[in-house]
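Written below as structure tokens is the structure these notes are about.
The values are calculated or read from the model by the stated rules, or taken from the named source; none is laboratory data. Keep in mind that what you see is a predicted model, and the values were worked out from it rather than measured. So basically every Cβ, Gly included, is an ideal-geometry build from the backbone, and we count neighbours across all protein chains shown. Ligands, DNA and RNA are excluded from the accessible area calculation, which covers all protein heavy atoms including side chains. Shrake-Rupley method; radii C 1.70, N 1.55, O 1.52, S 1.80 Å.
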Amino acid sequence: MKLKKLLRYIPLAALLTTGYSFADPSIPPYFSIKEVSVDQSGDLSRAQQDLEGAGMSANGDYFAANAQYIRMPFRNYDINRPYTFQYGCQYSNYICSLDWEGDDGSSATNGFDDYRQAVKNAFNGGTYTANFLAMTNTGHSLASATTTASPTFTNVKSLDSSILSRFYGLDSGSAGTHDTVITGMTATQETIGNVDAYWVTGYDFAPGSKTLPTGFVESLDGSKRIILSPNYTATNGGLSAGYTFVTIGGTLYVAGMSSTEAADSGYFDNCYKDGDENGGRYYMSCPGIRTNTTVWPLNGVTFSAGAATVAPSAEGSGWLNNDSKRAYTAAALDANSSGTMAGYSSTSDGDNVYTYARAAIYTSDGSSINRYQMTGSGLVTNNNDDDIRDQWAVGITDPISSKVYVIGNERYTDSKGHSEHNQAVNMFISQLSNVSGGVPSNGAGVVQWPLKNHQFTGSNNEIIAVDHANGLAVGRQDASNQTQTSYNGVTRRQQAFLFDVPDYMSDTGNVDKYLWSLASLTCYTEGGVAKRPYYRITNVRSVSSNGGNIYVLASGTKFSSKQNIIDGYNGTPVVLRLTHNGAGFPGTTTLSSCPSYEPHQGKYSRQGADSIWLILLLVPVVFVRLFTKQSDK
């Protein structure tokens, strides 16, 4: 569906074609904002890093989010998916040390290495305190929650931080000894075990119990929980994780990954128990066990004291390579309404250590799973591509004008001319060929990389999610002035974007017509003056449409003044629900007069009490290589 037909107003592309007309002194923003801050003094006081959305209902009223206590040089770190962390740190030794060793690298205990040591200490008999925290707005719909208008900006509503509650997952007695990560949420209320609710899925990790990550499905308020058991349990009970909900043949399932067999024992020990860094590679052995794409049925669930356990009904078979040692993984990460799933499967590089991700599509009838490998120009399937380290699909649309689109990302090694600047991540869009009833054949069909080198050579862009019905996608990219060298250099601040996939794929020569920064779409005029709320919208997680409305779940940092946002000083971490304004913009307008508030290029400093958030929220640390400064294999 064309975006302009969906909105029933002037197309977004038209908004950027000419200068602002101030004949009308009041022009509303394209997206209004509801802001939720995080109470750092309450139950969420340890949630100090990487505040990000995790899922949102289709009507935009309910959402989930994640945060963490520790610093790390990875965005979207997931112990179950090696491609999210195996690439290490490409920045200067000073910046890598901050994230590896914690604040100032001295007595702090909030670096990535501190987390790794805590995991291994727990598996060797010690205790563990949660480092990954989840939260929801259960019982406080954004539609009915009390809001306060911003004293500075109209079209901005602030919600009290008390609407957020910590979500404890499988943590017994809310002890705070489990890492809890939410990865997905039902779009609508679903009935499971005679309970009608919004449901979230994800995984729970309790190193102190010597158990591996365990998948769950839980009601948004945490009162009903379902444990997703794996078929293979011989190694510390096995591993499972839910990532997305999918309807197959009218039955609701949750899809993700679960353990299928053991890897070489060295992988397990290095991931969870070994105190020796082993040349910097010990954490690259995670998750220490072999996993594959799995679905669990959610019909017929019976709760006992609010809990239930569900066994998988189908799991994938094999990977792109299948030697006898590696900890291969595979997972479904998103699903469309036809039940077709997008994700990845791993391959190897020949050095008996690493596994690399390659994009894949999955279908299932509930009792078996078929994998369709993404092929096509630039979408590689061979063991070791000299240019692409990892490649993974994150979203898949419903048929739109008989076309199905898969979105995903590729992470480059130090080739493609990027080594002097950055080891880049670039988004891709694949228009599937030979789609019948939502089921693709082998083959990627038409493939595009719309933002590769879009702003400058070696720039980063990462697509995060897509609305299945209309093809609107959201992601993040380097901010326009962030051209500084990252390879052995500094980080680049990110900005969230909105992208119209179907319209771009029908007009691939005009990418700027279909790409908008989310921050610019919150700009408006009042009294003939262009205004933009003081938010750095650095990350985005979800986009949905409901009844003609569009909602976006994003996160970032709020500032109290123009100078503070330019300097990145004294910010407050916030979750943002952006809502499309049905009034649109009058006439043919552009956002060229919208204030940019760009910070000083390459700024990487620590100022004020809130700066612990800003290191990763304002200048996120992403797209990196080994801490040991070895080249990627």
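Details
- Those residues of the range 227-236 which are modelled with pLDDT of 95 or more and not hydroxyl-bearing (Ser, Thr, Tyr), in sequence order: ILE227, LEU228, PRO230
- Evaluated against (1) under 22 Å from the mean Cα position of the chain (by Cα); (2) modelled with pLDDT under 90, ASN80 falls short on exactly one condition, (2).
- Looking only at residues in the range 171-194 that are within 27 Å of ARG75 (Cα to Cα) and surrounded by fewer than 21 Cβ atoms within 10 Å (Cβ to Cβ), the one that is nearest to the chain's Cα centre (by Cα) is ALA187.
- Within the range 266-280, none of the residues are without any contact (Cβ under 8 Å) to a residue 24 or more places away in the chain, assigned to a strand (DSSP E or B) and either under 15 Å from TYR203 (Cβ atoms) or polar (S, T, N, Q) (or both).
- The residue of the range 499-525 that is nearest to GLY184 (Cα to Cα), among those that are assigned to a loop (DSSP other than H, G, I, E, B) and touching a Cys at 6+ places or on another chain (Cβ under 9 Å), is ALA519.
- Qualifying residue in the range 212-226 (condition: part of a loop (DSSP other than H, G, I, E, B), over 22 Å from GLN189 (Cβ atoms) and either among the aliphatic types (A, V, I, L, M) or modelled with pLDDT of 95 or more (or both)): yes
- Flag for THR191 being assigned to a strand (DSSP E or B) and among the polar types (S, T, N, Q): yes
- Taken together, the criteria place GLN477 among residues that are over 12 Å from TYR405 (Cβ atoms), modelled with pLDDT under 90 and assigned to a strand (DSSP E or B).
- Within the range 533-554, considering residues that are in contact with a helix residue (DSSP H, G or I) (Cβ under 9 Å, 6 or more places away or on another chain) and over 18 Å from PHE153 (Cβ atoms), the one surrounded by the most Cβ atoms within 10 Å (Cβ to Cβ): ASN539
- Of all residues in the range 231-254, those that are open to solvent by 40 Å² or more (accessible area, probe 1.4 Å) have Cβ atoms under 9 Å from Cβ atoms of residues that are aliphatic (A, V, I, L, M) and in a strand (DSSP E or B), 6 or more apart or on another chain, in TYR232/ALA262; TYR232/ILE289; ALA234/ALA262; ASN236/ILE289; THR247/ALA335.
- Near pairs, Cβ below 6 angstrom, 6+ apart or cross-chain, from the range 282-311 (over 16 Å from PHE245 (Cα atoms) and open to solvent by 40 Å² or more (accessible area, probe 1.4 Å)) to any residue that is at pLDDT 95 or above and aliphatic (A, V, I, L, M): THR309/ILE227
- Scanning the range 351-379 for residues being open to solvent by less than 60 Å² (accessible area, probe 1.4 Å) and modelled with pLDDT of 80 or more gives a total of 14.
- Restricting the range 380-437 to residues that are surrounded by 23 or more Cβ atoms within 10 Å (Cβ to Cβ) and over 20 Å from the mean Cα position of the chain (by Cα), the residue that is modelled with the highest pLDDT: VAL404
- Output for the range 188-235, where each listed residue is closer than 17 Å to GLY53 by Cα and hydrophobic (A, V, I, L, M, F, W, C): TRP199, VAL200, LEU220
- Among the residues of the range 93-104, those that are open to solvent by 30 Å² or more (accessible area, probe 1.4 Å) and either over 24 Å from GLY208 (Cβ atoms) or at pLDDT 90 or above (or both) comprise ASN93, TYR94, SER97, ASP103, ASP104.
- Selection status of THR17, at pLDDT below 70 and hydroxyl-bearing (Ser, Thr, Tyr): yes
- Tabulated pairs, the range 526-553, first within 18 Å of SER37 (Cβ to Cβ) and part of a strand (DSSP E or B), second open to solvent by 20 Å² or more (accessible area, probe 1.4 Å) and of a type in the set (Lys, Arg), C-beta under 6 angstrom, 6+ apart or interchain: TYR535/LYS558; LEU553/ARG541
- Residue count for the range 111-120 satisfying the condition of being part of a helix (DSSP H, G or I) and in contact with a Gly (Cβ under 7 Å, 6 or more places away or on another chain): 2.
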